[in-house]
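Enquirer: The structure under discussion is supplied below as structure tokens; questions concerning it will follow.
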Ligand code: TXA
Ligand code: MG
């Protein structure tokens with residue numbers, strides 16, 4: 001099939017809406033990463049998402065809406081969930097809610113909760129509104145690849161597999177939404193994102209982070225968020241993360257680099273001079289920059305054919321926790337404390 005990439009004009013949005021209502025797949029920009037959408041109420045359409053991505057069927061999808069009036073037919077949010085939606089929607093927060101019958105099992109991989117998200121990206125909102133149906137959408141990458149933050153990344157993975165990609169430019173945040181379980185008294189972050197623990201706690205008093213966020217699951221352990229179980233975000237080259245003081249990290253990375261043929265260093269701007277003339281890819285200046293550059297940087301390293309990636313750890317505060325959660329997985333937990 002031919003995959004069209006269109007600027008989000010009125011006509012393109014109408015075409016996207018038409019495709020979605022007909023049970024076809026459309027990739028679209030959000031403020032986090034690009035999504036691969038299908039009508040969430042059409043089980044066959046949702047199955048096509050799993051096929052296009054090569055995604056394991058036990059990994060549930062997030063359902064995207066543009067208006068709160070859509071919630072009622074789909075799920076039963078708790079009081080806490082509603083407060084979080086009031087404060088952080090539209091935006092990069094997914095709230096798990098008890099699902100209603102209308103949501104097909106294939107969307108939630110048989111779980112009794114459904115992840116609900118209202119994106120803030122104007123193209124996503126316009127498309128969701130035009131489609132008029134809730135849209136199930138994972139990140140629009142092939143399973144195991146870094147999430148796409150530009151339309152070109154989506155095309156790289158999905159060319160020939162889907163009819164349409166809406167091109168909304170580069171995504172602002174660059175890491176996927178925060179996935180939050182708000183079913184108990186204290187909300188729990190299952191996947192960190194740009195809505196941080198500090199922000200959630202500031203609103204509702206307390207917020208926990210699932211301890212599987214920064215470590216591999218143990219043999220036989222049940223993942224609170226099934227996606228955390230699978231290999232993820234992987235570049236083609238082997239990635240190692242170095243954590244410690246800036247000087248110790250730079251020293252360890254220089255040493256590792258000099259022992260390799262074809263390595264590249266992922267570093268914050270302020271540290272790049274410490275690597276002299278060695279090849280570097282910038283992670284930007286701030287934690288938000290690091291989030292924005294992370295997946296694009298991993299894909300860029302692949303394009304340039306680097307076989308060894310050496311990355312500086314970032315602080316695990318605020319959105320840094322999301323960056324480190326993704327980096328640690330991309331590195332298959334090869335994180336060295338120096
Ligand atoms: O920012 C985002 O969330 C992007 C954009 C497109 O909205 N979407 C996204 O979807 O990242 P995906 O499928 O790549 O990641 C969804 C994560 C997975 O780790 C999945 O296991 C988890 O959310 N998840 C979804 N529904 C869940 C549920 N009912 N219970 C627990 N975890 C759930
Ligand atoms: Mg994903």
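Just so you know, all these numbers are worked out from the coordinates, no wet-lab data involved. From a predicted model like this one, the values you see are computed outputs, not experimental measurements. Here Cβ is always computed from backbone atoms with ideal geometry, including for glycine, and neighbour counts include all displayed protein chains.
Enquirer: Convex hull over the Cα atoms of the range 287-338, averaged projected area in nm²?
Expert: Values: hull surface 14.6 nm².
Quarter of the Cα hull surface area: 3.6 nm².
Enquirer: Using Cβ counts within 10 Å as a stand-in for footprinting exposure, how do 107, 188 rank, fewest first? Intermediate results must be reported in sequence, preceding the final value.
Expert: Numbers: 107 26, 188 21.
Listed from fewest to most nearby Cβ atoms, that is 188, 107.
Enquirer: Same structure again: Rounded to whole Å and sorted largest first, list the principal axis extents of the Cα atoms in the range 1-157.
Expert: 44, 31, 28
Enquirer: As an exercise, use a Förster radius of 22 Å and the Cβ-Cβ distance of residue 206 and residue 338 to find the FRET efficiency, rounded to the nearest 0.05. Let's see the in-between values first.
Expert: Details: r = 33 Å, r/R0 = 1.51.
So the FRET efficiency works out to roughly 0.10.
Enquirer: Can you give me the Rg/Rh ratio for the range 81-122, using Cα atoms for both radii and the Kirkwood formula for Rh?
Expert: On the way: Rg = 11.4 Å, Rh = 11.1 Å.
Using only Cα positions, Rg/Rh for the range 81-122 is 1.03.
Enquirer: Please work out the FRET efficiency for the pair residue 102 and residue 317, using the Cβ-Cβ distance as r and a Förster radius of 51 Å; give the result to the nearest 0.05.
Expert: 0.80
Enquirer: What Kirkwood Rh does the range 30-101 have if only Cα atoms enter the pairwise 1/r average? Answer in Å.
Expert: Across the range 30-101, the inverse of the average 1/r is 13.7 Å.
Enquirer: A follow-up question, please. Taking Cα centroids, how far is the range 77-144 from the range 247-291 in Å?
Expert: 37
Enquirer: Quick check: the angle from helix 122-131's long axis to the longest principal axis of the chain, C-alpha only, nearest 10 degrees?
Expert: Tilt of helix 122-131: around 30 degrees.
Enquirer: Restricting things to alpha carbons, find the Rg to Rh ratio for the range 191-251 using the Kirkwood radius for Rh.
Expert: With Rg and the Kirkwood Rh in hand, the quotient comes to 1.06.
Enquirer: Grab the Cα-Cα distance for residue 277 and residue 198, subtract it from 0.36 nm times how many residues apart they are, and report the gain in nm with one decimal. If you can, show how the numbers build up before the last one.
Expert: Details: separation 79, 0.36 × 79 = 28.44 nm, distance 3.84 nm.
Using 0.36 nm per residue and subtracting the Cα-Cα distance, I get 24.6 nm.
Enquirer: Go ahead and collect, in residue order, the members of the range 313-337 whose backbone nitrogen is under 14 Å from a label point 7 Å along the Cα-Cβ direction of residue 255.
Expert: Residues 336-337 fall inside that zone.
Enquirer: Right, another one. May I ask for the percentage of alpha-carbon pairs in the range 205-296 that lie more than 17 Å from each other? Walk me through the numbers before you get to the answer.
Expert: Numbers: 2610 of 4186 pairs.
Summing the P(r) tail past 17 Å for the range 205-296 gives 62 percent.
Enquirer: How much of the pair distance distribution for the chain lies past 37 Å, counting alpha-carbon pairs only, in percent? Don't skip to the answer; put the middle values down first.
Expert: Values: 8899 of 56953 pairs.
Pairs farther apart than 37 Å: 16 percent.
Enquirer: Hey, what angle do you get for helix 79-88 against the long axis of the chain, alpha-carbon based, 0 to 90 degrees rounded to 10?
Expert: Taking the Cα atoms of the chain, the angle to 79-88 is about 70 degrees.
Enquirer: Shifting gears a bit: How do 71, 309 rank when sorted from fewest to most other Cβ atoms within 10 Å of their own Cβ? Each step should come with its number before you reach the end.
Expert: Details: 71 21, 309 24.
Ordered from fewest to most neighbouring Cβ atoms within 10 Å, 71, 309 come out as 71, 309.
Enquirer: Hey, what number do you get for the chain at 222 nm if only DSSP H runs of n ≥ 4 count, each worth -39500 (n - 2.57), divided across all residues, to the nearest 500?
Expert: Working: 11 runs with 108 residues, N = 338.
Roughly -9500 deg cm²/dmol at 222 nm, from the helical runs in the chain.
Enquirer: Per residue, what volume in Å³ does the Cα convex hull of the range 95-173 take up?
Expert: On the way: hull volume 9.9 nm³, N = 79.
Cα-based convex hull of the range 95-173, divided per residue, equals 125 Å³.
Enquirer: Using only Cα atoms, what Kirkwood radius does the range 63-132 have, in angstroms? Show your work: numbers first, answer last.
Expert: Working: mean 1/r = 0.0812 Å⁻¹.
Result for the range 63-132 stands at 12.3 Å.
Enquirer: Starting from the Kirkwood Rh over alpha-carbon pairs, what translational D in µm² s⁻¹ does the range 64-212 have by Stokes-Einstein at 4 °C and 1.567 mPa s?
Expert: Values: Rh = 16.2 Å.
Result for D is 80 µm²/s.
Enquirer: Compare the peptides 19-27, 205-213 by average per-residue count of other Cβ atoms within 10 angstrom and give them in order, highest first.
Expert: Working: 19-27: 21.0, 205-213: 15.8.
Peptide ranking by packing, descending: 19-27, 205-213.
Enquirer: When the Debye formula is applied to the Cα atoms of the range 221-265, each taken as the same point scatterer, what base-10 log of I(q)/I(0) results at q = 0.30 Å⁻¹?
Expert: Taking Cα atoms of the range 221-265 as identical point scatterers yields -1.09.
Enquirer: Report the antiparallel proportion of the DSSP beta bridges in the range 1-132 as a percent, rounded to a multiple of 5. Don't jump to the answer; show the numbers that get you there.
Expert: Working: 10 of 13 bridges.
For the range 1-132, the DSSP antiparallel bridge percentage is about 75.
Enquirer: How do 306, 257, 34 line up, fewest other C-beta atoms within 10 Å first? Walk me through the numbers on the way to the answer.
Expert: Values: 306 23, 257 18, 34 30.
So the ranking, lowest neighbour count to highest, is 257, 306, 34.
Enquirer: Using only the alpha-carbon atoms, how far is helix 320-330 inclined from the longest principal axis of the chain? Give it as 0 to 90 degrees, nearest 10.
Expert: Between helix and principal axis, roughly 80 degrees.
Enquirer: Can I ask one more? Using only the alpha carbons of the range 237-338, what is the convex hull's orientation-averaged projected area in square nanometres?
Expert: Working: hull surface 22.0 nm².
Mean projected area for the range 237-338: 5.5 nm², to one decimal.
Enquirer: Regarding the range 150-246, what is the average projected area of its C-alpha convex hull, in nm²? Could you put the intermediate results ahead of the total?
Expert: Details: hull surface 40.8 nm².
Reported value for the Cα convex hull: 10.2 nm².
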